[in-house]
1. Any idea which of (1) assigned to a loop (DSSP other than H, G, I, E, B); (2) open to solvent by 30 Å² or more (accessible area, probe 1.4 Å); (3) of a type outside the set (A, V, I, L, M) is the one Ser72 doesn't satisfy?
2. Starting from residues that are assigned to a strand (DSSP E or B) and among the hydroxyl-bearing types (Ser, Thr, Tyr), keep the ones in region 562-596 and report whichever is farthest from the chain's Cα centre (by Cα).
3. Any chance region 267-281 includes a residue that's under 23 Å from Ser151 (Cα atoms), crowded, with 21+ Cβ neighbours inside 10 Å and of a type outside the set (Val, Ile, Thr)?
4. Considering only region 29-59, how many residues are assigned to a loop (DSSP other than H, G, I, E, B) and touching a residue at least 12 places away in the same chain (Cβ under 8 Å)?
5. Can you pull out every residue in region 71-96 that is farther than 14 Å from Cys154 by Cα and hydroxyl-bearing (Ser, Thr, Tyr)?
6. Kindly evaluate Val64 against the criterion of being more than 30 Å from Thr192 (Cα to Cα), at pLDDT 95 or above, in a strand (DSSP E or B) and touching a helix residue (DSSP H, G or I) at 6+ places or on another chain (Cβ under 9 Å).
7. With respect to Gly298, is the statement that it is over 12 Å from Glu408 (Cα atoms) and either free of Cβ contacts under 8 Å to residues at least 12 places away in the same chain or not hydrophobic (A, V, I, L, M, F, W, C) (or both) true?
Amino acid sequence: MDDGVDVSVVIPAHDCRAYLDRSLTSALVQRVKKEIVVVDDGSTDGTAELLDLYATYHRGVVKVVHQEHSGSPGGPRNVGLRHATGRYVFFCDADDYLGDEALERMVAMADRNGSDIVLGKVVGHGRRAPASMFRRNAERVSLLDSSVYNSLSCYKLFRRDLIERHDIRFDEKLLVGEDMLFTVHAYCHAETISVVADYDCYHLMARPDGTSIMQREGSRDPIAWLAMVRGPIELMAAHVPPGPLRDHLLRRHFKLDAFAQLGEAFLASGEVRRKDIAAEVAALCDEWLTPGVRETLGSADAQRLAALGDIERLVRLADIEAATVHRRLTGVRWEGERLVVTGTAALGGACSGAEHDGVALVLRARNEPSVELVLPAEHDGAGGFVARINPAELPSGVWDINVAVELEGVLRQARLGALRERDLLCPTPRLVGDVVTLPYFTRVGGNLSIDVGGHVLSVPGSARITRTRWAFGHRLVLDGQITVTGAAPAASAVRGLVWRERSSGTERVERVTGLPGGGFAARPAIGRLTPGTWDAYLELELGGPPARFRIETVPQHVAGPRRWWHGAVLRSVRPYATSGKGRLSTVVRALTPRTIIRRILA
């Protein structure tokens, strides 16, 4: 292996000249030691000539292999692997492209953690991209405790030694799904898996002419897909013994590969074809559906499992699954310490007019989508619903509000708030107990969410000085008053007085005492501050990250300047109220006799 190459970028190319410039350029600008191995799979549209031109101008970086058309992406990728020399390998399709910093970030993640596989965030342009595994960066994750297995595409950074050591290769007989077998095999041997989620690493493109393999009609034929997915399942089961991990991985295959074929594709099929699809799903269930998987099925899949022998019922369930959730938010207001949400919700499409079994609000933790709180709603007597949320029952964090409509045992959910009564405003934030609760409409989409603790929103409040005076030890005694969302916080919420130097950002934290009724008192030793201009803040604990408020004041409440000699140094401290909004700051200076003489002579 050539240690001089960090990443071998393998690109299969067949009749894709119109997209190659963007894809190759995105690989060339990567700030890692790289080689780009492009396998021309019998192109006839000028792709081969363009590749040779790139190889001429980028000798030693772009390597081109020409071969007769193989008919699938797996063959060219395997050829590219044989020519790869890098420590890592990344597979990129010729019509997709990399973010400018993608490989740099993924290699840094892999080198830092000894990762065998690094998933970089994938974004879709006209195509659906996986999202569940890209909520946050992860230095190390396991297959059991994460959703990385939901992504079985090969658009990842793989340690090449792992691939060669276990002879991991693409299935050259498959037109689609060939990368599932490869990625499953790699997952089963990977000791460390990492995720780069804070940067768009891979851009998954839909061709405008619809000529990519995954865009072609019939590329996701349900029966062919169900036959194909047996390979990855059997491979995974050969490496993972029965137990919680195997159940976790099998759940992905049933949810995304098996039961998914009983949805839109099922509705589009004829009666005979539907029977064949149901029979294939039933066969998979008979062989691989364990009690552990069965326990985790969602409402729709549980109903489908029970109805595999009833085609009419499966059609009805597919209709429900495909139905649009028509919803409208009609009101949101405080009643005491509870947030009351009112609206309407019903299913459309083939389910239009059906009497639903119930409506509920589903509050989902934004950073932990698997964490949900379901609140049954009541009928309001006018065809709508009303639900009451107790923020005291919500853990700190951001909660997105969905409305769920139940019909025939299936729950259909949708975000609530984008469609709402004209001029409907969110109620003001409120202190519920010692925690600040901030209802709001999201900037993107305009949906209703609740920020418990002030994680993404600024907490409205003020800290105002009512009196200052000097005390022994060059301490500035401060008395003040705090309000948060128009109310007095608990005395225990007050964390500290923070002095921040304006130019350097240096901070010094002083003790502060919270008082009943929102008062506070502090005796900061500002005579000990280093020279500079220092701004004063008050920090509060309100159920989330520390909430920081700039301390306000007026000139008549600020003590005058003070000077004193400290050895041979003349120190001066001048508290003042800033112009405009009137905020407490102080200027600290330290003058030596030499500096004083220079100023006099100047």
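The values are calculated or read from the model by the stated rules, or taken from the named source; none is laboratory data. None of these values were measured; they are calculated from a predicted model. For neighbour counting, all protein chains shown are included, and Cβ atoms are generated from backbone atoms with ideal geometry for every residue, glycine included. With ligands, DNA and RNA removed, areas are computed over all heavy atoms of the protein, side chains included. Shrake-Rupley method; radii C 1.70, N 1.55, O 1.52, S 1.80 Å.
1. (2)
2. So the residue we want is Ser572.
3. The answer is no; no qualifying residue exists.
4. Looking only at that region, the number is 11.
5. Ser72, Thr85
6. yes
7. Answer is yes for this residue.
Each row is one residue, and each column tells you yes or no for (1) within 30 Å of Pro593 (Cα to Cα); (2) open to solvent by 80 Å² or more (accessible area, probe 1.4 Å).
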| site | (1), (2) |
| --- | --- |
| Ala490 | no, no |
| Ala521 | no, no |
| Trp534 | yes, no |
| Leu542 | no, no |
| Pro555 | no, yes |
| Gly560 | yes, no |
